[in-house]
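The values are calculated or read from the model by the stated rules, or taken from the named source; none is laboratory data. Since we're looking at a predicted model, the values are computed, not measured. Every residue, glycine as well, gets a Cβ built from its backbone with ideal geometry; the counts of neighbours run over all protein chains shown.
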Amino acid sequence: MLLALPLITAGILLRQADRIRFHLGHPRTASAAQLIAVQRARANDVTPSLLVAGQWAQIAGYWLLAAHGPLGAVAAAAGVAVQFRHLQEVSHHAVHGVLARTRRTNQLLAEVGAHLPLGLAPVAVRRRRHVRDHHPNATLAADPNLAELAGAGLRPGAGHIRLAAAVFFPVTPQGLRATLAALIANLRLRPGRCGGAGTAALLLVPAAAYLAGGWAAVLAGVLIPRLLLYPLLAWWSLLVEHTWFDPDHRTGTAAEIEAGRCLRLYPRNPALAALAAATWLPYGDLHHYAHSVHPGLRWNYLRALERHLPPPHFTPSALFAGRASVLRRHRAALT
């Protein structure tokens, strides 16, 4: 315990170097062109590397914490799941080429810092699926995310029970099988030496956890977060990115098009918005509408861009319950 908490704190402090570099002093509201100019002036390879190192320092601290009884294990499982989710979003910006200054550093930080240790698909594959296949085709038949949602039961005509189960799909037996199948498929996407590197990285993470906190750290700090909790957080983030099943197809500027198929969660609840941004919608994922309008903008500037844009046509106040919730809208569209 004496080492776990300082290590978690050190990881948080390491991450602040990147935040200070990019976030402080930028305009409160501005156009994409103005914000891109600020972003380019501050681009570097050092603070993003410290950011990724800080995430893993926090994870190591949670592994140490897992050995301190049941409460420590529960805290570790939740904390590591959140950090895995953070790493997914950090690497998402690397895929767009805006995490670090150079393409090589973006590739390296994404692969070594997130994709290899978490068993994600190679960065080149994710870039193709996300940048080429998803962004221009969001909510359209060509969007690979729609197939993923349908595979979990979110398809027209689904009943209320199936829809409710689909919301928690990653922690169901079917969802766990899908997660394991994806891990295996991602390893197969890395032929030859790359495949060996992927397997080695997947084994290195539980080995490091065991050295830090024993079997409690392996179970609570690797297996439960990676196979159940982190996939659930990522799944919920997918649900609130778009009005998947009833988009308002528009023409015009990028902002006008995206306003019809994106949503903005918690626009009038700063407390819930801050909680979501710190846990399951980190690094600008809460501002997915602004990201969709300008994918080349770093997360630090998405809120400023969002203030410069007209609001999307759906601004829900909740995820699960209420007349203005995301789940209610998805259910109405599908049934």
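For segment 284-299, a residue qualifies if it is farther than 13 Å from Leu265 by Cα and within 15 Å of the chain's Cα centre (by Cα), and the qualifying residues are His291, Ser292, Pro295, Arg298, Trp299.
Output the residues belonging to segment 175-201 that are over 30 Å from Leu108 (Cβ atoms) and surrounded by 14 or more Cβ atoms within 10 Å (Cβ to Cβ).
Residues satisfying the conditions are Gly175, Leu176.
For segment 263-291, the candidate set comprises residues that are of a type outside the set (Gly, Ala, Ser) and in contact (Cβ under 8 Å) with a residue 60 or more places away in the chain; within that set, the residue that is farthest from Ala321 (Cα to Cα) is Tyr283.
If the condition is being more than 20 Å from the chain's Cα centre (by Cα), surrounded by fewer than 19 Cβ atoms within 10 Å (Cβ to Cβ) and in a helix (DSSP H, G or I), then segment 47-74 contributes Gly69, Pro70, Leu71, Val74.
For segment 56-72, the criterion of being under 21 Å from Asp285 (Cβ atoms) and of a type in the set (Gly, Ala, Ser) is satisfied by no residue at all.
Just to verify a result, which residue in segment 1-46, among those that are of a type in the set (D, E, K, R) and not in a helix (DSSP H, G or I), is surrounded by the most Cβ atoms within 10 Å (Cβ to Cβ)? Here the residue is Asp45.
Applying a threshold of 7 Å to beta carbon distances and a minimum spacing of six or more residues, or different chains, the list of pairs starting in segment 296-310 at a residue that is closer than 25 Å to Gln88 by Cβ and ending at one that is modelled with pLDDT of 95 or more and polar (S, T, N, Q) reads Leu297/Gln39; Arg298/Gln39; Tyr301/Gln39. Scan segment 17-25 and tell me whether some residue there is of a type in the set (Lys, Arg) and free of Cβ contacts under 8 Å to residues at least 24 places away in the same chain. No; the residues of segment 17-25 include none that is of a type in the set (Lys, Arg) and free of Cβ contacts under 8 Å to residues at least 24 places away in the same chain. Once segment 79-121 is narrowed to residues that are surrounded by fewer than 20 Cβ atoms within 10 Å (Cβ to Cβ) and of a type in the set (Lys, Arg), the residue that is nearest to Phe22 (Cα to Cα) is Arg101.
Could you please let me know if His313 is out of contact with any Ser or Thr (no Cβ under 7 Å at 6 or more places or on another chain) and under 15 Å from Leu238 (Cα atoms)? Answer is no for this residue.
Look at Pro231 and say whether it is out of contact with any Leu (no Cβ under 9 Å at 6 or more places or on another chain) and either modelled with pLDDT of 95 or more or under 20 Å from Val80 (Cα atoms) (or both). Answer is no for this residue.
The number of residues in segment 287-321 that are under 18 Å from His249 (Cβ atoms) and among the polar types (S, T, N, Q) comes to 1.
Residues of segment 134-149 that are surrounded by 15 or more Cβ atoms within 10 Å (Cβ to Cβ) and either free of Cβ contacts under 8 Å to residues at least 24 places away in the same chain or among the hydrophobic types (A, V, I, L, M, F, W, C) (or both): His134, Ala138, Asp143, Leu146, Leu149. The residues of segment 110-137 that are within 17 Å of the chain's Cα centre (by Cα) and of a type in the set (A, V, I, L, M), listed by number, are Ala110, Val112, Ala114, Leu116, Leu118, Leu120, Ala121, Val123, Val125, Val131.
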